[in-house]
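Before any comments, here is the structure.
The values are calculated or read from the model by the stated rules, or taken from the named source; none is laboratory data. Since this is a predicted model, take the numbers as computed values, not measurements. For neighbour counting, all protein chains shown are included, and Cβ atoms are generated from backbone atoms with ideal geometry for every residue, glycine included. Accessible surface is based on the protein model in full, side chains and every heavy atom, while ligands, DNA and RNA are left aside. Shrake-Rupley method; radii C 1.70, N 1.55, O 1.52, S 1.80 Å.
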Amino acid sequence: MKRFTTLLALFVLVGVQLLHAQRVQITGNVTSSDDGSALPGVSVVVKGTTIGTVTDFEGIYDLAVPEDATTLVFSFIGMVSQEVGIAGAASVDVVLEPDVVGIDEVVVTAIGIARSEKSLGYSVQSVESDEISRANTSDVINSIAGRTAGVAITSSSGMPGASTYMTIRGSASITGNNQPLFVIDGMPIVTGDGRTSYNERDGQGGSVGGSGASSRSIDLNPEDIASMTVLKGGAATALYGLRAANGAIVITTKKGAQGAKKMKVDFHTSVGFDKVSQLPARQNTFVQGNNGEWIGGFQRTWGPNSDSLQYDTTTDPEYKWDKNGMIVGESDPNANGNRVQMYDPYEFFQTGVTINNRLSISSGNDQSTYYFSIADIEQTGVVPESQFGRTNVRLNASSNLTKWMKVSTNMTYSNSRANQIQQGSNTSGVMLGLLRTPPSFDNSAGYEFPDGTQRTYRNGGGYDNPYWTANKNSLDDRTNRFIGNAILNFTFTDWFSASYNIGMDSYSRQKTDIMAVGSRSQPSGTMEEKTINEKQFNHDLLLNFHRTFGDFDAGLTLGNNMFSNSYEELYGDAMGLEIPYYYNLSNS
């Protein structure tokens, strides 16, 4: 019996050794020839057999092949399939070429899962990095305007740093919040903070009054984005729950190319110019007044024809509202012979300038990759004193710690600053004072008298002089933000893998809204301050199973998500400034 047992054990041992002798382990990395980026989901099959696997999210595969195998077949939707001889090699890296006649695409869907677009039961659209860069906008949302069907993008104003509102397939909520969820490298982030305009005292948040404060999507650097995918419909966003009820924007940032070996340095600089393209037509014939008579400070422009008018500096030498004097007919004995001038109020607008600089460094080897970038944008608007600036620093890195475990990290810091001007429909807004100024009154001749009172076409009443608004009243908005996450990928077998993604999004925002003493909306002057601190934590644990049965693929994903959010807001104001031009909450 002992002899039989020993003999049986020997046969089993020999069988196991023979089985191992018949298999050879081959690993490698699959990338795209376009930009060297990793290709997840590439099918790797031993030619003439059903033995195969797929690459993970970083484009890496690990496959045990028969000892007599000679060729591996690499296929991927949208890429030209490639057959590669292995000839006993232990490592085979492949670069796939795009298939110009391919009509299928692979997109990154919920929680970073890559899927073939034709296999999805819902609509998706992607915008690649080249299109985003060419748009050259400060807010990444504006870069996809007109490039995706069913997506409506509306800017709150033309001010630098103004908020941008985005909806997918129209409004779906009566609450007014129809913004989609933004997801960066598998982690949801904050893009709201409520209003598209800010004026606490007048209660004009989200209206055409107040100041067009920035939305938080403006903290993102468009140049760091590799692709943006718009997920539409409830099925597309089911894994994110209620947060994605209005759809989702899935963003993948740039990474270093594995196996690149050489460092890639990219420096980008650009200068853009903005001019007002369209303005309402105005009459340039009649001066300020009523019933054909000039009346200084009158609200309407129903005065006489300017062709028959001259200036009078004798009747009232102290007349301060027009440096040229009062207006009289050319037959008036006090007419000084100088014909009345008609001014173009639209000369108030200037040429806006945007200067954008970015430096990025990336590289990688067989085990690790990195991508580092620093960018700065400085923008002045078409309205004097309006401006926006942002500085971004990003570091993305990854490393294969072992044959079966990989760690990746994505971190970005941004500092955004803006000076917004009172807009639209309020007595201190730029446009009301500008459009209602009669052509016979020159706003640019001065907006303030030596005693600090305001010079307006209504003799100090009515609406603010637009130059007063631009130079005296403003919203200062400053934000510091950090977004970071770490991802662990485990490849246990060719059919079982897992990933763990943990991250944080934290920002601190300081707003200061000022109305100078003498402003028409707040004659006694105001100062309002708001501080917002928001933090969001998120983590995902995913178990992925994938098997191939002949011509059929079967996949199963099990996961767990934990999410927390904290929001703090502190607001205070000083109504009626005791000391003009001293802006402190104690000055009330």
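Overview of values
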{"item": "Inter-part distance where region 349-371 and region 408-445 are each reduced to a Cα centre, Å", "result": "29"}
{"item": "Separation in nanometres of the label points that stand 7 Å from Cα toward Cβ, at GLU330 and ALA445", "result": "2.0"}
{"item": "Sequence-distant residues sharing a close amide H with GLN387 (under 5 Å, placed H)", "result": "GLY381, ASN419"}
{"item": "Alpha carbon convex hull of region 230-363, volume per residue in cubic angstrom", "result": "254"}
{"item": "For region 344-446, radius of gyration divided by Kirkwood radius, i.e. Rg to Rh on alpha-carbons", "result": "1.32"}
{"item": "FRET efficiency, 1/(1 + (r/R0)^6) with R0 60 Å, evaluated for ASP376 and THR71 via beta carbons", "result": "0.75"}
{"item": "Dimensions (Å) - region 448-527, Cα atoms, principal axes, largest first", "result": "82, 19, 17"}
{"item": "Å² of accessible area per residue within region 401-472, as computed with a 1.4 Å probe and no ligands counted", "result": "35"}
{"item": "Stokes-Einstein D for region 412-477, Kirkwood Rh over Cα pairs, 37 °C, 0.692 mPa s (µm²/s)", "result": "256"}
{"item": "Set of lysines with alpha-carbon distance to LYS254 below 28 Å, sequence-local pairs under 8 removed", "result": "LYS118, LYS232, LYS262, LYS264, LYS403, LYS406, LYS535"}
{"item": "Gain on full stretching of the segment that runs from ILE502 to ARG478 - 0.36 nm per residue minus C-alpha separation", "result": "5.9 nm"}
{"item": "Gain in span if fully extended, ARG300 to ASP316, counting 0.36 nm per residue against the direct Cα distance", "result": "3.5 nm"}
{"item": "Phi-based couplings in Hz for region 302-318 (Karplus 6.51, -1.76, 1.60; Gly and Pro marked x)", "result": "10, x, x, 5, 5, 5, 10, 10, 9, 9, 10, 10, 9, 4, 9, x, 8"}
{"item": "Separation in nanometres of the label points that stand 7 Å from Cα toward Cβ, at THR453 and VAL353", "result": "3.8"}
{"item": "Mean accessible surface per residue for region 250-347, computed with a 1.4 Å probe while every protein chain stays in place, in Å²", "result": "64"}
{"item": "24 Å tail of the calculated P(r), region 357-512, as % of Cα pairs", "result": "58"}
{"item": "Viscosity 1.567 mPa s, 4 °C: Kirkwood-radius Stokes-Einstein D of region 463-588 over Cα pairs, µm²/s", "result": "67"}
